[in-house]
Amino acid sequence: MTQHANQRGVAHVNDTELYYDIAGAGHPLTLAHGLLLDRSSWDDQFDEFAQQYKVMRYDLRGWGDSAQEAAEPPFSPRQDLLSLLDYLNIHVTYLLGLSGGGTVALDFTLEHPERVDALILVAAGLSGYPLRMTESIQAFIGQYYGALQRKDSASAVEATVRLWTDGPRKARAGRCAGPRAHHGDIHAAHATAWRPPGAPTAHAPARTARHPATWRGHSADADCGGRPGCAGGT
């Protein structure tokens, strides 16, 4: 599907850069992607939603085209979203968040209820609650980080897509080829850009993301210490 953005650009807010696309007309609808993904993960929905709404999707700090500094002071993804909405003169919006983006959306709505007139959460996490370490997640962590240490990005991507796109209970025959390929391309950029903690870097190139090795759970009023989204899950 071809995306027809009426407006796209970069917002220079909070000493960072947030990339966004806008399409359609009508009531604003803001899309917050899951962690390990970027705004292109909404490709299949962007044009469809734009037929009825003014749709805005953006890359959270540390993902996609948004700023990729290797080291940052503490920041709040909620404040980033607020500043982006102000920059775009979006005063109230429907807010749809997926997974880690859903965590951001929920926290943002609790903090700024006057800016959100509908909240839609898809597989969202809850701030302040640690990620439940199931056998599937433990196996994923071992496979994923082991592959990254070996610089085997293909195996890292396969482990990521198998858990977060296929789902741990889905048989190979039931997997969806389209989303699998799309998400695999996004994850490949993340895996290729990964560097071990403490590796000296200045700025990563566009279309990559910091690796989530330093994620941690956080309370609803805590800011993020350089951790994209600060939420468990994707």
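Read-outs: derived from the displayed coordinates by stated rules, not from any lab. Small disclaimer: the values here were computed from a predicted structure and weren't measured. So basically every Cβ, Gly included, is an ideal-geometry build from the backbone, and we count neighbours across all protein chains shown.
The table for this structure:
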quantity	calculated
Ranking of Y19, Y58 by count of other Cβ atoms within 10 Å, fewest first	Y19, Y58
Zone of H91's modelled label, taken as backbone nitrogen in region 14-58 under 17 Å from a point 7 Å along Cα→Cβ	26-29, 54
Residues S99, S127, S155 arranged by fewest to most Cβ contacts within 10 Å	S155, S127, S99
FRET efficiency estimate (nearest 0.05) - Cβ-Cβ, S155 to A25, R0 35 angstrom	0.20
For L36, L121, order by how many other beta-carbon atoms lie within 10 Å, fewest first	L121, L36
